[in-house]
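Heads up: the structure comes next, in structure tokens.
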Amino acid sequence: MSEKEVQYAKSFKEQFTLRGMIIGTIGAMIITTSSMYVALKMGALPWPIIFVALVSMFSLKICGHTNINEINVTHTAMSAGAMVAGGIAFTIPGIWMLDPDAVVSYLPLVIVSMSGVILGLIFTALIRKYFIEVKELPYPMGQAAAETLIIGDQGGKKSGLLFGSMGFAALWTVIRDWFGKIPTLVTGGVAIPGVTFGLYMSPMMLSVGYLVGPLFLTVWFIGALIGDIGIVFGGTELGFWDLTTASGIKSSLGMGVMVGTGIGILVKGILPQAKAIFGPMFSKKRMSEGIINLRWAPFVMVILAFVFTFALDMGIIASIITILGVWIATSMSAQIVGQSGINPMEVFGVIVLLAAKVASNIGQTEAFFVAAIVAVACGLVGDVMNDFKTGYIVKSNPKAQWLGEVIGGLVGSVVSIGILFILIKAYGVSAFGGTELPAPQAGVVAAMVGGIPNLPAFWIGLVAGVILYVVGLPVMTLGLGIYLPFYMSFTAFLGGMLKLIFDKAKPQWSDNGTGLIVASGLLGGEAVVGVIIALIQVVMGMGTL
């Protein structure tokens, strides 16, 4: 071994530890449980990365003789299951929304969730270097986690600034979400037909805008103006279409732009770097120097194609489309999470399931399997890439982090399905889409199983997305702005403008990192309390079983 290889081997042993993985596994089980419940109950899934970073730091410091990288690898394992739960909760309940008499057993769903995890892990390992090191995307949640670890480890004045802003956001979130004394949305008396207008009273959303920056947020907000003000409000006021048609055009155009951007990413960013990105599949290098050896990946994907075809009854064409679709969708997920901190995993699942339906005679239940596999993979990718960003900042071993995700992801794939069946047994499948378990994202997927609402708008968006990305515009956030509710885009935009203002008026904030620290604290405070409230709701909800 070379001296560099010896150094990496040593760092691996110091970071990927037995005690860390035990703590990470227990944490993954708890976070997966809470995430499944809150995703079904509230239709939301806060990023758990800040919460698990703090829990991992607290747990390992009690054990003694730890380091920032062991903490990072431990929280990497702990957070993975949350996004797996999200991928399942945002898709699978749609099966029973369309057909309450559908019979789906435990094993096929475990295969679905595990397959999404495996594919997500493969493609994340392949695209890590491109998005983290070459493109250097911001990954605001990953940055916030890194600041939390660094400042929490060092202490001092910056630690007080971080935890003070975190405490403020935590208190704000408790008052808003638990006691209901702060409105979630402030409209100022403005009502726009068909548009959810207002300021989202979320420190997290403002912080995402601040961390992402004014450029991407301006493009994002332009998308919101096109979708909500132009298509929904303007189009209906001028009599071009009714609100239902406008909503279909808006969502179809937004999805088209995002799909087109994904194709643009492949054409401009992935394919020209194919050798560097996909080379690890065929490399003879050992798993040294932080390199994840993926020579086994093609064989695993072939096996999964057979599993999808025969065990899940998806058919060979739909199975191949699913695997190729995950490739495209995970690239899109890595890009959009890196730029915005938001991961519309169910949207990516819808895109691929629609492609599978066009190209094959896939059944209704199997179409949801496709969506779930893609959503789980994309959810995991968003989590992994944020963790890799944190690791890149604090200089963690990528192989140690990736193996932590393997453990956390596989634990999450089993636990999430178990919790889903517990809830089904308690409430019955009729609860999905009702007051007990609204599962709104799964309702969207169920509605989309019938097809894209407006194909012309979708194709226009797709072509526009490809062209605009290839010419160098940050168009992924444009599609996001078109698709998401206006209030989210507006609030994130204000965060981006705050950064622009502070960079001009208080340049020292940028120079010494004060702005980043405060934004990270505000983001982390809401994220931590969101997970704690979710845990409390799980306990209270399970108490009624």
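The values are calculated or read from the model by the stated rules, or taken from the named source; none is laboratory data. Keep in mind that what you see is a predicted model, and the values were worked out from it rather than measured. With ideal geometry, Cβ positions are generated from the backbone for all residues, glycine too; neighbour counts draw on all protein chains shown. Just so you know, the surface numbers come from the protein's heavy atoms only, side chains and all, with ligands and any DNA or RNA stripped out. Shrake-Rupley method; radii C 1.70, N 1.55, O 1.52, S 1.80 Å.
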Computed log₁₀ I(q)/I(0) - Debye formula, equal Cα scatterers, no solvent, region 322-370, q 0.13, 0.29 Å⁻¹: -0.31, -1.05
Three-way shape call for region 437-507 based on the alpha-carbon gyration tensor, with the a/c threshold at 1.5: oblate
Accessible-area order (highest first, 1.4 angstrom probe) of the listed residues Thr33, Thr261: Thr33, Thr261
Compactness of the chain, expressed as Rg and Dmax over alpha-carbon positions, Å: 22.0, 72
Kyte-Doolittle mean at least -1.0, axial Cα span of 27 Å or more - DSSP H helices of the chain: 18-42, 68-89, 106-128, 243-264, 316-340, 364-394, 398-427, 486-505, 514-543
Relative contact order (percent, whole number), the chain, Cα cutoff 8 Å, 6+ residue spacing: 36 percent
Cα gyration tensor, region 360-461 - rounded (a/c under 1.5), prolate or oblate: oblate
Contour minus Cα-Cα distance for Ile175 and Val190 (0.36 nm per residue): 3.0 nm
Out-of-range pairs (alpha-carbon distance over 20 Å; input Lys250/Lys357; Lys13/Lys135; Lys129/Lys268; Lys135/Lys389): Lys250/Lys357; Lys13/Lys135
Rounded to whole Å, sorted largest first: equivalent-ellipsoid semi-axes of region 182-235, Cα gyration tensor: 21, 18, 6
Modelled FRET efficiency - R0 56 Å, Val406 with Leu238, Cβ distances, 0.05 increments: 0.55
Extended-chain gain in nm, criterion 0.36 nm per residue less alpha-carbon gap, Leu271 and His65: 69.7 nm
Solvent accessible area, Å² - Lys129, 1.4 Å probe, full protein context: 120 Å²
Residue among Gly428, Phe310, Gly194 farthest towards the positive dipole end of the chain, charges placed on Cβ: Phe310
FRET efficiency, 1/(1 + (r/R0)^6) with R0 41 Å, evaluated for Leu473 and Ala305 via beta carbons: 0.70
Positive minus negative residues near Leu217 (Lys, Arg vs Asp, Glu; Cβ under 14 Å): 0
Value of [θ]222 nm, deg cm²/dmol, for the chain, DSSP H segments ≥ 4, -39500 (n - 2.57) each, nearest 500: -23500 deg cm²/dmol
Cα gyration tensor category, rounded, prolate or oblate, for region 90-138 with a/c compared to 1.5: oblate
Euclidean distance of C-alpha centroids, region 396-428 and region 234-249, integer Å: 41 Å
Histogram of C-alpha separations across region 40-136, 10 Å bin width, %: 13, 30, 33, 18, 6, 1
Rg over Rh, two decimals, region 292-384 (C-alpha only, Kirkwood Rh): 0.99
Probe 1.4 Å - accessible area at Leu238, Å² to nearest ten: 120 Å²
Order by protection proxy (mean Cβ within 10 Å, highest first), peptides 165-174, 209-218: 209-218, 165-174
FRET efficiency, 1/(1 + (r/R0)^6) with R0 45 Å, evaluated for Ile317 and Ile26 via beta carbons: 0.65
